[in-house]
Every structure is written in structure tokens, then in C-alpha cells.
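**Student:** Sharing a structure below in C-alpha cells format, with a few things to ask.
Where a number appears in this text, it was derived from the coordinates with a stated rule and is not lab data. Keep in mind it's a predicted model, so treat the numbers as computed, not measured. No Cβ is skipped: glycine too gets one built from the backbone with ideal geometry, and neighbour counts run over all protein chains shown.
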Amino acid sequence: MPRLLHMADVHLGARHRDLGDAAARQRERQAAAFRRAVDTGLAERVDVALISGDLFDSNAQPRRTVEAAAIELRRLTEQGIRVVLIPGTHDCYEAGSIYRVFDLRLMAGLSEGSDLLTVLTPDHPDVVFGDLDLVVYGRVSPTKRASRSPLADFTTAAEGRARFRVAMIHGSMLIPGKVEQDDVLFTPGEVAASGLDYLALGHWHSWQTGRAGTTSWTYPGAIEPLAVDQDGAGRVAIVDIEERGGRTQVDVREVVVGRTRFASLELDAAEVVSQGALVARLLGQADPDLILDVRIGGIAEQRLDIDEDAVSRELSGAFLKVRVRDRSIAALPDGPLPPPETIAGTFVQDLTARIAAAEARGDADSAADARAALQLGRLLLDDPRQVDLI
Amino acid sequence: MRITKLHVQGVRRHADLDISPAPGLTVIRGPNEAGKSTVQTAIEMALFRKCTSTSRELQELRTWGSTDDPSVRLDFEHEGRPGHLVKQFAGARGSVELSVDGRVSQDPGEVDELVTDLTGLASEKFLRSTASVRHHELVDLDKDEAALRDRLQQSISGADQGTQTARRRLNEMVRRYRSEGTRNPGLLRRERDELERLRAELVRGEAALAQLERDRTALALAHDRRVELDTRLARDQDAVDQGERAVRLETSATDAEARYFRLRQAVELQGRITAAERDHASAMPLAELRDAAKRVQELQFQIQELEVTLELRGDLPETVEVVKPPRWQPVALLAMIVGIAGLLAIGAGLTGILPDIAGLGIGLVLLVVGGGLGVWGARMARRVHSVRIQAQLQEAEIARRLAGRSLEEEQLKETRRERDALLVAMGVPDVYAADALLEREAAHGAAIDEIRAELRGVLAGVTVNGDLAAERDRAAAEMDQSRHALSGLGGVSSDPAAARERALRTLRQTQAERESAIQEEGQAQGRVDQNTIDADHVSGLAESVDASQERLVGLERRLRVYELTLSVLDAAEGYTVKKAARYLEEHMDADIARITDGRYKQVQVNEQDLSFRVWSPERDDWIPVQQLSQGTLDQVYLAARLGLVRQVTQERNPPLIFDDPFVTFDDERARRAAELLRDLARDHQVLFLTTSDRYDRVADAVIELPVPLARDVDGPRPERVPVSVTATGGPSPVAAATSSSMASLADATDDAPIPAAPRSTEPVTTAWTDQGADVRDPQPTADEAFPAAAPAAVDAAFPAAASTAAVPGWPPATSLDDPVAWPSTASAWGTATTDGPAWPASAASSDATDDPPGSVSAGAGAATSATGAEASATGAEAPWTSTAWSTAASDRPAPWATSPGSSETETASSGSWRDGLPG
């Protein structure tokens, strides 16, 4: 009765363009999460480790990244754990695929004929592990964008080589109204018709699991979250397949290996009295594993002028990354305005008219600029010494 | 709007103050620390300060030492109808009530709107920049060309500090952002350069990565191509091998076929030979036959010779006599026996058988006999031998003779026999037949040899092991086998050599392609190895580009905002100034005519900068107002300044507050300014805050504020903070008094509120309550607490105030017109200047201590030491420095006329044409 470790979307060497100087650290954290996933496989004494695509973030990864991955895979194979992986959409099996350029099997110290590490490709679509009574199919497209569903006309009904049938796909399951287009797309109906016991999926970065017909399927999600909306990331699946009462039973449980957390924080500018207060408030949520996206909205008090970079710098040690975006709208002056016969009054009138005109034509940026200018002008005219221009 | 009554509770030094300003000009007079500025603050609080001000703001407003919440009530009259405005400042519990035109509002926002509507003033700061004329505004107007227009612009700015600072700071920021210099580039340039650098590096990195991918793809393809060519090469090699095999098979078949045909011919020849061998004329081989024939010929010749010889012999005897030889053997035998017997006898004699002698004798005899017999026998034997030889010779002679015939006959017989035997052997009857046979046999043999030769020719080069027929069959089998194998090779069998050539050509081509592929693979591998680009590094660059872009967007946005603010501010200023210029031109002609006693009637205002020119009938041209006399210039400025107030307040005519703006004027300037105040008071309510009594005569009411009485004479002295201002020299009497009182105030704040101590001469319009006395009770007596407040001290410091205090109201009209009306002042200040640098600004400084937070004095530093704060304020604001003062002191003893511009010497030197001007 085979026990599987199922992971996907490791994205080694990924770019994190919104993380700035924390991006390199995040890449290291992804590698660490991969290591923990391997540790999980060893601790759970799995028979086979499945990596359902996008082990690498691109086919242009340097040799050392591939070697580092091979070292981790070797830890599994040295314990007799078979590793089966498929190319994904980032490391797709095109001409210059990383799996063509580098021989993972050799890099993991295995001989050419060893079945301890198998990369399933269109040329090598399945592998049978007789001792486990298990066949693993890799439904891999030779291109990034599949011309047809990987499960089109696929059925294991006639499979006679092994009792337990598992397939690996890197693509999206079609969900009407939610997921209707993707590079690789298949339908729940096709999954149900496949006759598989377990479908090890990759491509979605958050944990999803379900059943179609007699087939259990799981998206374990990215091994570390890559963006703010990936709350279900950072997991691997432990899958037990066994036969009970003449029927194949599949038990799937999740194990958390990722540590990075993304969080977004919406702040009302009215609650932020000063930059120092903002820093103090955010320090209250300090977490070295947290990537915090702070967005200040609402109407900003007149004297609030947040230096986003400065705040991020001040908090850099307390978080994995803090990004502060001040999207608040400058408050229009309250109370009596300066008389229109004054420079300040004319200034206010002019900018107020500009704001109204910009808002009328839907030019939010110009309106925001004009609001900020109005606020700044009011502050400067009120008392230029109290305004710190940066 | 005109204030009819102001009631202040718990605001700074006024624990409880009621004043009732006149509708026109009200002079609010008092020495330093009397709370004049607090009166202004109270009005500002009533009109503009939020009643929900924070406790920190309240703390600064509260009467020192008091915890009571400040409150201000303002009774006013607006367009003939009464109203009131009450504000209770209690933090969040603060309240406001405005009643005007029978309408009562307690909504702070609405009250603010109504106040703005009543006064035309929007804020406290706006009031200060418009309806409040501060003491420094009229300083240096004639010296600084820009001062007049800047100050006028400030009054229409609607801003506390005017627009200059705002514009300057915005311009600085725009420059800081926009600067394109390479040595000190602006923020935008720096970020753009950084972004450009990062982008260029990223482009290079991405290109290198793309190249790496291409190289890797090329490597993979080259690898695949090489593997494919390896396979093709193996296939081509197989084809070549097959071709060669076909060729070999074909050759083998051809060879086998050739051999077969030769062997088949050989077999036929062999058959013919065999047949010919069977058809020999003689069974005897030809050579033998030839030898036999030859022998027969020879024998036949011999026979013929012998026959001839025998014919020639015929007389030979038939027999020969034979001589018998004697026999010698018996003699010899006898001799031997006798000898033996002799030996035996000797032996017997020796052994004793016989007597010795006998035996020996007999033996010897016998031996002699035997010896003799032996010799005889030997002779006989020699004779026998000789006889036999003779006999043999004889017989031989006979035989020879006989043989002479018989031998020849025998020879003949033998020869014939031999000949016959040979003929028999040859199978021929005679010699002639033998020759014929030989001839035939020779011909037959030759024929066979010919066939053999042909056979040998046929078999030349053909290895024959054993039977020719078997060889032939093997060759046939080999040929068939090769042909069958060849046909099994398919297409190549038709023309194996051509097929092999084709395969070889293909092989060579494939080899060349493979070599090329290997080279390409090597090159691709080399390119991959040489491309040291690191995807992580490129990722970092991309991430840095994004961060830089984000920073740049932020900077650009800030710059847009700064530039927009600046441009709108510039436009607003241009528009407003232009409008103000037109307004002033329309409204100031009459003022100018009045101010100059009709000398100038037309004014021209520059709409760019509010600079003034007046029409000079003498010059028949426009002249800048700076060329007018100083006094006239003051008035023109004030007229313009207040004209602008009318404009910006849209002629709502708010109360005007003058914070001793003429303090530095000489008498003449002060007189003219006072006259202007009176004119102003027709349209505006004017509150004139001053320490001097010289405006009393033009006032509709004079409100005198009490002198603070507390003095620092007893008790522990607070720790002093060293103050740098001491560098100005020893304190003047005024400075000493002020600092003393300031220090005492500082002490007093630690104890209890300082009441408004009643003075011996109560101001007529000041309604002091009894509360002051009640509050003062627990304190030391006024004289003890404020010894400097004793009349003598006050007189010394403020001689003019002292005289006014004695006679409330407007002083004699001559006091302002005649300089000699200020003897005590001159004397007092003369003393002060003699003793050292005076503190002429101390009055202003002490006022500054009453300024609300954010004012110059507050900004100058914390008032840990009142003296320090005061000195800082002096340095910051007072233009009448000790240098200016010393000049004024030498020419004009009046302490108020400290403006450098007031020097007559300087005025005279400005040009003779000014002499004719008024002022």
C-alpha cells in the first residue's frame, strides 16, 4: 500500500519583484521549505515522492540551483524513496528545458537505469513500480501551452501493469465561472473518466483537494506562498493509497512546511496620526516570517505625509518585508476657507475646481495630485515651517 | 463687526478681564507683561480657536497655575444689531455659542462659517496677516524696496507667513528634485539614473539569460542532433556493412560460379582424360612403352649381331680331362690327434698319473710326431689347392672355349627371350608392331597430355581439394548459397557495389554531419559554459528595477504635486495681486490725496508686484513711493495695507488690531500715523495695543492694563540656564526690570495664578473684579512680590507710561508734535545707552512671551529662562538691534525711533529732490 509525498510549485529561483531587497531572502526560504518537504517525506517514510511541476521557476536556472535540488532529491533516493517529477509551465519541457539540459538522475548520484528518480515526459509517459503495485503517469505537454487537455481520451481502465494508478498533471481544473482559461486545462469530467486512484496536481498555489468520480485529486499549493493572496500555500500532501474491502481508498492529509506569510493591512489614514505612530503600530505586528503589505487609504489628515521608503526601512528588521503604500486621499480643507480675494483663497478655489474637473472626467490620478497639492499648499500657507518637504 | 465687550476668564495672565472697546479707536495700553497680547489672543480665541482644543493647547492658554478652563465672551454689534460669541475651552467638552441677528448657533462648524461671514476672516492666522498690523511691519519700508510690496502681498496672501516662504520651499524642492547637474544631481535624476543603470543591467542580464536559454536550447538540439546522427551513423554503417557483405556475397557467388564453370570443364576434361586413359594402345605407359620399344630395338640389334657371331664360330671341343687332387685332411687329423695325445701325456706326467719322465717323454714324442704330421698335412693341403686351381683353370679354359660359343648362344637366347618378353609385354608380336604401337601410344599419350594441359589451364588458380566433381559441386553450392544470401539482402542485391558505394557516400555524409553536430554541440556547450549569467542575479536586478520604478513613481508624483502646488500658487498670486492692484488703484487715490495734503492724487499700482507709483505733478511723471518721505511712505503703506484688508474681507470691516506698529517711529511719523488711525476708525473698529500713551489723544477710549506686580525677591531661586544674550552687555534698567519681572513670572507660575493686580490709578475702561484681590490674598503683598512694579521703577522704565498713568486719557496735543515733550524719555534712554547696550526691544520681547505657541518666541526656544526666551525673540524679530539703536541714540534720543531709516542725516543724503516732498 503505497504512501506518497505530493508537492508542487516549489519555484526554486523564483523572482519576487515586489519584495525588493527581501527577494533574495525569500528565495532562500523557498529552498528551506523544499528541504523541510523532503524532511517530511523522510519522516513519514513515504514510498514515492511526487513533484507535480514547477520545481524550478524557469528553465534558465543556474547549475547550482539544479544541483541544490538534486542534493535534496538524493536524500530521498538514498533512503530508497522513489522520486517522480514532471515539468510544469515554468520549467516546461521545451527544447531548452532544464530537464533536458541537466540530468537530474546523474546529478543525484544515480545510475542511468535507476528507477529511483524519474522525470516523466511525453517520451517517457509513465513508470511502474512493481513492488508497490503502482503505476504513475505523467500527463505532460511538450510545450508550455497544451494544445489539448492532458486527460483527453485518457483512461486507465485497461491498465494491467499495476493495481494502483496515480497520475501527475501541472495545469488548471476547469471551474466554470472561475477558471476557464489557462495554459493547461482539463475538466472534472475527464478526471472522473480517467479511472485514476489519485491525481497529483500542481499549478495552483493554494491547497485544494477534492474528488471526481472515484478519483481523489489534490493541489498541495506552492511550497511557500509567492503572493499576498496565497493563504493556502506552504503545504505538502501525504497520500495513503490502500485497498479496503475490494475498493481503493485514498487518504490525503496536509503537512505545513512553508513559513512565509503574506498579510495585507488596510489602514484608514484618519487613524494614522503621524509616521512615527504608524511605525509604532506596525511594530506591534512584527514577525520575521511576515510579508506585510500596508495600504493606507481613506482621507488623510492634513499634516500626514508618509515617507513610504522611510517606514519600510525602519521596519525592515521586524518583518520579512514591509511595503507601505499611501493611497489615502488628501483631505480637503475643512472649516472656513480663506477669502477668495486672497492668494490662498484663489489657490484653494483653483485647485478645488481642478479636483472637481478631474473627478468629473474620471481622472483619478490628476484629482489625487490636485488634492495633494491643495493639502500641501494649505499646509505651507498655514505655516511653512511645520511642513517637512521630502 | 465691532466688539462691544470682551470678557476673558482664565486666559494666561487674565484670570478675569472685562474690557469694552469703543466702536472707533481704542488704545489698550500697558507696560510689558501687562497682557496686551493676551487681549489679542483672547479675541483670536473667541473668533477662531476651536472650543474643543486639546488639553495641551489649553495648557498653554490657561492662566498660569490655574486648572480652570479658559473662556472668552465677545459681545459685538453687527450692522447695528447686537450679538455675542461665547467659547468655553474644555477639550472635548468645549462649547460655543454664537448669537447674531436673533439666530443662535452652538454648532462649531456653523459658528466658524458665521464668524467668517461676519468678519471676512477665515482663521486666526488670516486675521494676523490682514486685520492685525504688527509692530515690525512699518520698519524699513523706505530702505527695502521689496519690503512694501512683500508685506502688502503678505496681507493678501491669506497665509500667516505670506507665500514667499511657501514658494521658496517649493522652489527648493522642485530644484532638489529636478536638478540635472552631474555633480549634484537631483532626486529625480539620481533615481532615473539608477533606474536606467538597473534597467540597462537588467536588459543585459535578461539578454544573457535569453542567450543562455537559446544556448541551452541549441545545446539540447545539438545533443539531440548528435544522438540522432549517432543513430543514423550506425544505420549507415550497417548499410555499408550490408553493402560490403552484398559485395562479398556477390564476389563469392561470382567466384564460386567461375570456379564452378572451370571445375565443371575440368571435370569434363578429366572425363576425357579418363576415357583416353582407358583407350591406350598399350597397357604399358608410354614411357615404359617407349623404353620397351627402344629396348626391343636394341635387343633386336643384339640378336642380329649374336647370330652373326655364332655363325662365325663352329670348332670348339666338347670335353676336358679332369685331374683329381690328393686328400690332406686325414693327415691333418692324425697330426691333431697325436698332438693332443702328446699334450695328454705331458699332462699325465705332470700330474703323476704317469711317471714324470715317461709321461713327459711320451708326451714330447707324441708332440713331435704330431708336429711332423701337421707339416706334412699342410703340404698336402697346399698341393691340393694348387691342383684345384689348375683344374679350375683348365675347366675355365674349356668353359671359355665352350662359352665362347655357348655364351654367345646364351646371350642370343637371353636377348631373344628378353626381346620376346618385351614384345609380349608390349602386346605386340614383333619389333615392327612394337614400333607401331609405340607410335600409336605416343600419339594417344600426346592427346591425353593435351587434355591434361587444358585441364591444368582450366584449374589454374583453382584450389582443388580432392575430387574435381566434388569441388565442382561445392562451388555450385557455394554459388547458390551466396546468391541466395545476396537476394536476401533486398535492394542491394541488384547492384551490391553500387549500393555499397551509395551507403558509403551516405555514411561519409553522415559522418561529416555528425562531426559538424559534435562541433556544434561542443560550441553550444562552450557557449553555455562561458555564459556566466546568474538567474538569481538577474532576478535581483528585476526586483531592484521594480523597487526603483516604484520609488521613481513616488518621486515623480511628489514632484508633480510640488510643481502643481507651485504653479497654482504662482497663478493664484498673479491673479490676486493683479486684482488687488486694480482695487487699490480704484480706492487709494483719495487716501493718497489726503495723506499728501493733495500733493499727489493719483496712484498707480504694479499688478505684478504691488509696487506703488504716484503721479508727481512737479516731475510730470510717475515716481516710486519709495521716493516719498518716510512718514508719507508709512501712510501710503498703511492705506494700502488696510485697503487690502477691505478687499480681502470683502469690505466686512473686521476689527483691526494694531500691535504697536509705530513703536519705532519718531514723533512726526507717530503723529501722522495716529491721524491715519483716526481716519481708519471711521470704517473699522481699531484696537491699538501699545505701551505708549502718545496715541491716547486720538483714541476714542483708552484701556490701561495693570502692571504686573509680582517680583522675585524671596524664596528659592530656580536654577538658571546660561544664556548667551549676556554678550550684549550689562542689562539696561529696562532690561533689568523686564528680566526681573520675567523671572518672577516664571516663579509665580509655580505657585498660584497671578492676579491682575489693581493699580493705584485704575484705567477708566478696565473693569477689574474683586476676584483679583481675593486671589492675591494668599500671596505676598503686591509690593513685596513685585517691587519693580513700584511707580518709580515703572517710571524709570516707561517714563511716558508713568506720566500717562498719572493722567489717563489723551495727553496734550503738543506732546506728540513737539520733540521736547519727551525729555524724560530722552534722559532715561540716554542713561541707558550710556551705561551700555540697551534692550530697546525688551518690550516687544516681553510681549512675545505672551504669544501663542507657534509664534516666533515659542519657536525661538523653550522658555526655561524667561531671559533666554526673550533674548532669542529679540534676536529673531527685532530689527532694531543695538547697532541701530546706538545710531538712533546719538541723533534722536527717543527710544521709539530706532529704525535706521529714521535718521535725518540719512534722509538728507538720499537726494535733494526729496526735500520738497511732504513728511
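**Student:** Under 5 Å between amide H atoms, partner at least 5 residues away or on a different chain: which partners does B:THR63 have, H built in plane at 1.01 Å?
**Tutor:** Amide H neighbours of B:THR63, under 5 Å, 5+ apart: B:VAL11, B:ARG12.
**Student:** How much length is gained on full extension from A:ASP39 to A:THR352, taking 0.36 nm per residue of separation minus their Cα-Cα distance? If you can, show how the numbers build up before the last one.
**Tutor:** Details: separation 313, 0.36 × 313 = 112.68 nm, distance 6.24 nm.
Gain on stretching A:ASP39 to A:THR352: 106.4 nm.
**Student:** Tell me, what HN-Hα J-couplings in whole Hz come from the Karplus equation 6.51 cos²θ - 1.76 cosθ + 1.60 at θ = phi - 60° for each residue of segment B:377-394, using x for Gly and Pro?
**Tutor:** x, 5, 5, 5, 4, 5, 5, 4, 4, 6, 4, 5, 5, 4, 4, 5, 5, 5
**Student:** List the pairs from B:LYS36/B:LYS125; B:LYS36/B:LYS579; B:LYS5/B:LYS579; B:LYS125/B:LYS601 whose alpha-carbon separation is above 25 Å, in the order I gave them.
**Tutor:** Values: B:LYS36/B:LYS125 18 Å; B:LYS36/B:LYS579 35 Å; B:LYS5/B:LYS579 36 Å; B:LYS125/B:LYS601 34 Å.
Where the Cα-Cα span goes over 25 Å, the pairs concerned are B:LYS36/B:LYS579; B:LYS5/B:LYS579; B:LYS125/B:LYS601.
**Student:** Note the full-extension length gain between B:LYS601 and B:VAL203 as 0.36 nm times their separation in residues minus their Cα-Cα distance, in nm to one decimal.
**Tutor:** Working: separation 398, 0.36 × 398 = 143.28 nm, distance 7.31 nm.
Stretched out fully, the B:LYS601 to B:VAL203 stretch lengthens by 136.0 nm.
**Student:** Using the crude model of +1 on Lys and Arg Cβ and -1 on Asp and Glu Cβ, and no other charge, please compute the dipole size for segment B:541-683 relative to its Cα centre, in debye to 20. Could you put the intermediate results ahead of the total?
**Tutor:** On the way: 20 positive and 27 negative charges, 66 e Å.
Its charge dipole is roughly 320 debye.
**Student:** Suppose each label sits 7 Å from its Cα in the direction of the beta carbon; what would the A:GLU359-A:ARG247 distance come out to in nanometres?
**Tutor:** 6.3
**Student:** Efficiency by 1/(1 + (r/R0)^6): what FRET value for B:ALA593 and B:THR52, r their Cβ-Cβ distance, R0 = 41 Å, to the nearest 0.05?
**Tutor:** Numbers: r = 49 Å, r/R0 = 1.20.
After rounding to 0.05, the efficiency reads 0.25.
**Student:** Figure the gain on full extension for B:VAL424 and B:ASP75 (residue separation times 0.36 nm, minus the Cα-Cα span) and round it to one decimal in nm.
**Tutor:** Details: separation 349, 0.36 × 349 = 125.64 nm, distance 19.48 nm.
That pair, B:VAL424 and B:ASP75, stretches by 106.2 nm at full extension.
**Student:** Please compute, for peptide A:363-372, the average count of beta-carbon atoms on other protein chains lying within 10 Å of each residue's beta-carbon. Intermediate values should be presented prior to the final figure.
**Tutor:** Working: counts 0, 0, 2, 2, 0, 3, 7, 5, 1, 7.
Rounded to a whole number, the mean comes out at 3.
**Student:** Take every residue in peptide A:350-357, count the Cβ atoms of other chains within 10 Å of its Cβ, and give the average of those counts. All intermediate terms of the calculation are to be shown ahead of the outcome.
**Tutor:** Details: counts 6, 5, 0, 0, 2, 0, 0, 0.
Per-residue shielding by partner chains comes out at 2.
**Student:** I would also like to ask the following. If you put +1 on each Lys and Arg Cβ and -1 on each Asp and Glu Cβ, how big is the dipole of segment B:467-558 around its Cα centre, in Debye rounded to 20? Please list the in-between numbers first.
**Tutor:** Details: 12 positive and 18 negative charges, 62 e Å.
Roughly 300 debye for segment B:467-558.
**Student:** Excluding B:ALA253 itself, what net charge comes from residues whose Cβ is under 11 Å from its Cβ, given Lys and Arg +1 and Asp and Glu -1?
**Tutor:** Computed value for this residue: -2.
**Student:** Additional query: Got a sec? How would B:VAL104, B:VAL707 order by Cβ neighbour count within 10 Å, fewest to most? Please list the in-between numbers first.
**Tutor:** Details: B:VAL104 11, B:VAL707 26.
Lowest count first: B:VAL104, B:VAL707.
**Student:** Let me know the shape class of segment B:1-95, please: from the alpha-carbon gyration tensor, a ≥ b ≥ c as square roots of the eigenvalues, rounded when a/c is under 1.5, otherwise prolate if a/b is greater than b/c, or oblate.
**Tutor:** The shape class here is oblate.
**Student:** Please work out the Cα center distance from segment A:247-326 to segment B:154-225, rounded to the nearest Å.
**Tutor:** 26
**Student:** Got a sec to turn the phi values of segment A:35-51 into Karplus ³J(HN,Hα) couplings, 6.51 cos²θ - 1.76 cosθ + 1.60 with θ = phi - 60°, whole Hz, x for Gly and Pro?
**Tutor:** Working through the residues one at a time gives 4, 5, 5, 5, 4, 4, x, 5, 5, 7, 6, 6, 8, 9, 10, 10, 10 Hz.
**Student:** A follow-up question, please. Suppose the Debye formula is applied to equal point scatterers at every Cα of segment A:53-170; what is log10 I(q)/I(0) at q = 0.19, 0.20 Å⁻¹?
**Tutor:** Each listed q corresponds, in turn, to -1.06, -1.15.
**Student:** Describe numerically, in nm with one decimal, the distance between label points set 7 Å from Cα along Cα→Cβ at A:ASP229 and at B:ALA477.
**Tutor:** Computed distance between label sites A:ASP229 and B:ALA477 equals 8.7 nm.
**Student:** Can you tell me the dipole magnitude for segment B:217-362 around its Cα centre, using point charges on the Cβ only (Lys, Arg +1; Asp, Glu -1), in Debye to the nearest 20? Display every interim value, and only then the final one.
**Tutor:** On the way: 17 positive and 23 negative charges, 73 e Å.
That gives a dipole near 360 debye.
**Student:** In whole Hz and in residue order, list the ³J(HN,Hα) couplings for segment A:338-348 that follow from phi through the Karplus curve 6.51 cos²θ - 1.76 cosθ + 1.60, θ = phi - 60°; x for Gly and Pro.
**Tutor:** Values, residue by residue: x, x, x, 7, 8, 4, 4, x, 4, 4, 5 Hz.
**Student:** Using modelled amide H (1.01 Å from N, peptide plane; none on Pro or chain starts), what sits under 5 Å from the amide H of B:SER282, excluding residues fewer than 5 places away?
**Tutor:** Close amide H contacts, sequence-distant or interchain: none at all.
**Student:** In what order do B:LEU229, B:LEU152, B:LEU407 fall by count of nearby beta-carbon atoms within 10 Å, going from fewest to most? Mind dumping the intermediate values first?
**Tutor:** Values: B:LEU229 20, B:LEU152 26, B:LEU407 15.
The most exposed by this proxy come first: B:LEU407, B:LEU229, B:LEU152.
**Student:** Rank these for me by crowding, B:ARG29, B:ARG678, going from fewest to most other beta carbons within 10 Å. Walk me through the numbers before you get to the answer.
**Tutor:** Values: B:ARG29 28, B:ARG678 16.
With the sparsest Cβ surroundings first, the list reads B:ARG678, B:ARG29.
**Student:** OK, next. If r is the Cβ-Cβ distance from B:THR251 to B:ASP279 and R0 is 41 Å, what FRET efficiency results, to the nearest 0.05? Display every interim value, and only then the final one.
**Tutor:** Numbers: r = 41 Å, r/R0 = 1.00.
Efficiency, rounded to the nearest 0.05: 0.50.
**Student:** Return P(r) of segment B:449-491 (all Cα-Cα pairs; 5 Å bins starting at 0; whole %; ordered from short to long distances).
**Tutor:** Over segment B:449-491, the share of Cα pairs per 5 Å bin runs 7, 18, 18, 19, 13, 10, 8, 4, 2, 1 percent.
**Student:** Using a 7 Å offset from the Cα along the Cα-to-Cβ direction at both B:GLU305 and B:ALA436, what is the distance between the two label points in nm, to one decimal?
**Tutor:** Those two pseudo-labels are separated by 2.8 nm.
**Student:** Amide H to amide H under 5 Å from A:THR118: which residues, 5+ apart in sequence or cross-chain, H placed 1.01 Å off N in plane?
**Tutor:** Those lying under 5 Å, H to H, from A:THR118 are A:VAL83, A:VAL84, A:LEU85.
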